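S.K.: Here it is, the structure, as structure tokens.
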Amino acid sequence: MGEEVLEEKVGARDLHGLVEEFFRSSFSTDNALITEAVKRMLAAGGKRLRPRITLLAAEACGGDALQHLHLAAYLELIHVATLIHDDVVDNALLRRGVNATAVDYGNRVSVLAGDYLFAWIFDNVTRRYPAPVPNILSATLAEICDGEVLQLTALGNFELPMEAYVEIARKKTGSLFAAAAQCGAIMGGGNAVQVAALREFGRAFGIAFQINDDLLDVTADERALGKPAANDLAERKTTLPLIAALARGNGDFRSRVRRFYDGDSNAAIPEILQGIDRAGGLDATRAEIARFIAEAKAALEPIASGAAKNGLIELTDALHA
């Protein structure tokens with residue numbers, strides 16, 4: 001499911017509401033234009049999975065969610081800054097069903113807004129939190145950027161290996177979920193075993209989330225996604241549904257995909273989508289999502305039973321496509 005759908009499947013504990021209220025009442029920077037642009041992105045929606053995982057991880061280690069709202073908010077704002085930059089890189093027009101930031105503010109303001117937000121976050125994090133939290137978050141930002149560069153260099157390569165795809169997913173998406181869980185666990189007072197377990201949970205959750213997002217790109221419509229459907233294919237990004245279909249499909253399907261990647265128009269996308277389904281790419285992708293979901297839940301074994309652990313399991317189960 002996408003983030004919009006996840007909320008419908010997750011239980012009653014309103015950590016999402018806590019984060020939303022915190023943003024409404026507390027978020028502001030020294031630059032009015034950037035504050036306006038970021039608040040506009042926040043108002044467009046999103047289910048705040050990263051901050052919710054931060055708060056649940058803190059609670060799972062004995063902490064109080066209310067004491068860690070700033071940290072949770074910083075994790076979400078890192079995500080928002082990456083989205084602002086992504087939309088510039090991808091020339092995106094829509095994000096969460098509204099204009100991408102660059103559409104309303106232009107590329108130059110958008111790039112600067114993302115840069116400013118990163119700097120503002122890390123200024124606050126380094127003043128508020130002890131090591132290793134700032135170190136984890138700075139290393140995570142480097143991993144996210146590395147993952148994005150790896151994805152850009154893989155554009156047009158329909159022979160991208162599964163291992164390379166998973167590495168991109170781990171870096172560009174899994175790393176921030178891992179950091180959210182790890183930092184929440186640290187600030188919640190977790191011991192070394194709990195912190196490592198929750199970081200591993202976040203890594204596997206994030207990879208499952210990215211694979212699910214890539215599956216939605218080829219199965220959902222624009223209204224459900226909040227952005228154009230089949231956008232990855234249109235940009236010649238090679239994601240798991242296509243990788244799995246190519247591994248299972250016949251020579252005719254591979255030849256059709258090759259012609260598409262070599263320059264055929266996007267009018268061929270419906271045919272490619274049908275081929276992915278016929279070759280078993282969708283079912284194989286769902287199986288990979290289930291595998292990483294199982295890894296995420298297994299990682300929680302050292303965490304004591306309770307509402308927080310249950311909340312993490314519910315978020316994970318909601319990823320089943």
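Every number in this text was worked out from the coordinates using simple rules, so none of it is lab data. As the structure is a prediction and not an experimental result, all values here were calculated from the model. Cβ sites come from the backbone with ideal geometry, for glycine too, and all protein chains shown count toward neighbours.
S.K.: Can you give me the Cα centroid spacing of the stretch 154-180 and the stretch 257-301 in angstrom?
M.R.: Cα centres, the stretch 154-180 to the stretch 257-301: 14 Å.
S.K.: Starting with the highest mean, order 83-90, 177-184, 235-242 by the number of other Cβ atoms within 10 Å, averaged over the residues of each peptide.
M.R.: Highest to lowest by the protection proxy: 177-184, 235-242, 83-90.
S.K.: Let me ask you something else. Return the inverse of the average 1/r over all pairs of distinct C-alpha atoms in the stretch 91-185, which is the Kirkwood hydrodynamic radius, in Å to one decimal.
M.R.: 15.4
S.K.: Next up: In degrees from 0 to 90, rounded to the nearest 10, what is the angle of the helix 133-153 Cα long axis to the longest principal axis of the chain?
M.R.: 10
S.K.: Could I have the simple spin-label model distance between D14 and D90, label points 7 Å from Cα toward Cβ, reported in nm to one decimal?
M.R.: Reported label-point gap for D14 and D90 is 3.2 nm.
S.K.: Would you look at the GNM of the chain, springs on alpha carbons closer than 10 Å, and say which of A208, A299, A139 moves the most?
M.R.: A139
S.K.: For the chain, find the longest principal axis of its Cα atoms and tell me its angle to the long axis of helix 69-89, 0 to 90°, nearest 10.
M.R.: Computed tilt is about 30 degrees.
S.K.: I've got another one for you. So how far apart, in nm, are the two label points at N157 and A298 if each is 7 Å from Cα heading toward Cβ?
M.R.: 2.8
S.K.: At a Förster radius of 56 Å, what calculated FRET efficiency corresponds to the Cβ-Cβ distance of E271 and K39, to the nearest 0.05?
M.R.: On the way: r = 42 Å, r/R0 = 0.75.
The formula returns an efficiency of 0.85 here.
S.K.: How many lysine pairs in the chain, separated by 8 or more positions in sequence or lying on different chains, have Cα atoms less than 28 Å apart?
M.R.: Value for the chain: 27.
S.K.: Moving to a separate point now. Among M187, M41, what is the fewest-to-most ranking by other Cβ atoms within 10 Å? Don't skip to the end; give the middle numbers.
M.R.: Details: M187 21, M41 24.
With the fewest neighbours first, M187, M41 line up as M187, M41.
S.K.: Say the dipole of the stretch 3-317 comes from +1 at the beta carbon of Lys and Arg and -1 at that of Asp and Glu; which of L155, V257, A65 then lies farthest toward its positive end?
M.R.: Final value for the positive-end residue is A65.
S.K.: Using 1/(1 + (r/R0)^6) with R0 = 51 angstrom and r between the beta carbons of A307 and A164, what's the FRET efficiency to the nearest 0.05? Before the final figure, lay out the partial values.
M.R.: Values: r = 39 Å, r/R0 = 0.76.
Between A307 and A164 the formula returns 0.85.
S.K.: Give me the dipole magnitude in Debye, nearest 20, for the chain about the Cα centre, with unit charges on the beta carbon: positive for Lys and Arg, negative for Asp and Glu.
M.R.: For the chain, the charge dipole is close to 260 debye.
S.K.: At a temperature of 37 °C and a viscosity of 0.692 mPa s, determine how fast the chain diffuses translationally according to Stokes-Einstein, using the Kirkwood radius over alpha-carbon pairs as Rh; express D in µm²/s, rounded to the nearest whole number.
M.R.: 163
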